[in-house]
Amino acid sequence: MILLDGNKTSDDIKLEIAQRVEERKAKGKKVPHLAAVIVGNNGASLTYVNAKVKACEKVGFESSLVALPETITENELLQKIAELNNDPKIDGYIVQLPLPKHIDEHKVTLAVSPAKDVDGFHPENLGRMVLNLPCFLPATPAGILQLLDRYNIETSGKSCVVVGRSHIVGSPMSILMARNSKVGNCTVTLTHSKTKNLKELCQQADIIIAALGKPEFLTGDMVKQGAVVVDVGITRVDDPTKKSGFKLLGDVKFDEVAPKCSYITPVPGGVGPMTIASLMLNTLQAVEMRE
Ligand code: NDP
C-alpha cells in the first residue's frame with residue numbers, strides 16, 4: 001500500500017508556483033492576488049480560510065481576507081462581490097461556504113465573475129469543464145487529479161465509483177474521471193444516498209472516491225484488493241484527548257481499508273492540502289489569463 005501524500009505533493013506544487021511568482025516579479029509582472037470572503041464565525045470555515053491565506057504567503061501571492069458579520073444582508077454581500085469583480089488588484093477570490101441560511105448561495109455563486117472564480121463553482125466554468133475547454137476546475141476535484149497524476153496512477157479503462165454527488169466535489173469529480181484526458185478515461189459510476197447496491201458497486205471498483213461526509217463510512221468489506229481509494233471527507237468529531245477538543249475523520253475506515261489498497265489518501269494530509277494547492281494554481285492561471 002502506498003500513501004498518497006497530499007502534504008508533500010501540495011508542498012511540491014507550492015514550490016513550483018513560488019518559482020513562477022519569482023519569475024513574474026523579475027519580469028516586472030503583477031504578483032497574483034487572491035481574496036477570501038468569509039461570513040460569520042464558523043470554526044471550520046475560519047480554519048480553511050486561514051490555511052488558504054497562509055498558502056498565499058508561502059507561494060508569494062498577495063492576499064486579502066474580507067471578514068463580514070453573520071448579520072450581513074444578501075444585498076450587502078452581493079455589493080461586496082461586485083466590488084471584488086471590479087477591483088483590478090484582485091485576480092481571483094473565493095467565497096467560503098457554507099453561508100448563513102438567509103443568503104442564497106446560488107445567487108452569490110452566479111454573482112462571482114467567471115474570470116475571477118478560482119473555486120470553479122460558476123456555471124460558466126462548470127459548463128466549460130464539461131466541454132473540456134479551458135476553465136477553472138473546482139479546487140477539490142482538480143487537486144485529486146493532480147494527486148493521481150503525480151503518483152502516475154493509471155486511470156484509463158478503470159472502473160471508478162464516486163460516492164456523493166455534490167456540486168463542488170462528487171458531480172464534477174465524476175465528469176473529470178470520465179473525460180478523455182491524461183487522468184480520466186474511466187468508466188464512472190456516480191452514487192448517492194438513493195443508490196441501492198452501493199456496497200456491490202464499490203466492491204467492483206478499481207478506484208473509489210469517497211465524498212459523502214459520513215465518517216468511516218467506507219469499510220474494508222466494501223473494497224476490493226488493490227483498489228485506489230481517495231478519501232475526500234473531513235468531519236470534526238469530539239475528542240476530549242485532543243487539545244482542540246476534536247479530531248478529523250475521513251469517510252474511509254482507514255485501518256480496515258488501507259491494507260487492501262494499492263494507493264490510499266490519509267485524513268488529514270491527503271485531499272485537504274491538495275485543494276489549497278489547486279486554488280493557488282487557479283489563481284496563477286487567473287492572472288495569466290487576464291494578461
Ligand atoms: P454534501 O453534503 O454536499 O454531499 C454529500 C453527498 O453524499 C450527497 O450527494 C449525498 O447524497 C451523498 N450521501 C450522503 N449519504 C450517503 C450514503 N449513505 N450513501 C451514498 N451517498 C451518500 O457534501 P460535500 O460534497 O460538500 O462534502 C463531502 C465531504 O467532503 C464532507 O466531509 C466535506 O467536509 C468534505 N470536503 C472536503 C474537502 C477537502 O478539501 N478535503 C473539500 C470539500 C468537501 P444525496 O445527494 O442523495 O443527498
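If you take the residues in the stretch 236-281 that are polar (S, T, N, Q) and modelled with pLDDT of 95 or more, which one is nearest to residue 168 (Cα to Cα)?
My answer is 275.
Which of the residues spanning the stretch 25-45 are among the charged types (D, E, K, R) and without any contact (Cβ under 8 Å) to a residue 40 or more places away in the chain?
Across the stretch 25-45, the qualifying residues are 25, 27.
Restricting to the stretch 29-48, what's the tally of residues that are modelled with pLDDT under 95, of a type in the set (A, V, I, L, M, F, W, C) and closer than 17 Å to residue 273 by Cβ?
1
Return the only residue of 256, 216 being free of Cβ contacts under 8 Å to residues at least 40 places away in the same chain, assigned to a loop (DSSP other than H, G, I, E, B) and of a type in the set (Asp, Glu).
216
Say whether the condition of being out of contact with any helix residue (DSSP H, G or I) (no Cβ under 7 Å at 6 or more places or on another chain), within 10 Å of the ligand (Cβ to nearest atom) and aliphatic (A, V, I, L, M) is met by at least one residue in the stretch 234-241.
No; the residues of the stretch 234-241 include none that is out of contact with any helix residue (DSSP H, G or I) (no Cβ under 7 Å at 6 or more places or on another chain), within 10 Å of the ligand (Cβ to nearest atom) and aliphatic (A, V, I, L, M).
When you look at residue 141, is it within 15 Å of the ligand (Cβ to nearest atom), modelled with pLDDT of 95 or more and at negative phi, yes or no?
Spelling it out, residue 141 is indeed within 15 Å of the ligand (Cβ to nearest atom), modelled with pLDDT of 95 or more and at negative phi.
Does residue 171 qualify as being within 28 Å of residue 99 (Cβ to Cβ) and not in a loop (DSSP other than H, G, I, E, B)?
Against the criterion (within 28 Å of residue 99 (Cβ to Cβ) and not in a loop (DSSP other than H, G, I, E, B)), residue 171 qualifies.
When you go through (1) among the acidic types (Asp, Glu); (2) away from the ligand (no atom under 16 Å from the Cβ); (3) in contact with a helix residue (DSSP H, G or I) (Cβ under 8 Å, 6 or more places away or on another chain) one by one for residue 76, which number turns out not to apply?
Residue 76 satisfies every listed condition except (3).
Output the residues belonging to the stretch 175-192 that are closer than 18 Å to residue 231 by Cβ and either more than 11 Å from the ligand (Cβ to nearest atom) or in a loop (DSSP other than H, G, I, E, B) (or both).
Scanning the stretch 175-192 gives 176, 177, 183, 186, 188, 189, 192.
Residues that are in contact with a Ser or Thr (Cβ under 6 Å, 6 or more places away or on another chain) and surrounded by 14 or more Cβ atoms within 10 Å (Cβ to Cβ), at least 3 per element: which helices (runs of 4 or more DSSP H) completely within the stretch 40-152 meet that?
Passing ranges, in order: 139-150.
Provide a single number: the residues in the stretch 247-276 that are touching a strand residue (DSSP E or B) at 6+ places or on another chain (Cβ under 8 Å), of a type outside the set (Ser, Thr, Tyr) and within 13 Å of the ligand (Cβ to nearest atom).
10
The values are calculated or read from the model by the stated rules, or taken from the named source; none is laboratory data. Just so it is clear, the structure is predicted and the values come from calculations on it, not from any experiment. Ideal geometry is used to build each Cβ from the backbone, glycine not excepted, and the neighbour counts take in all protein chains shown.
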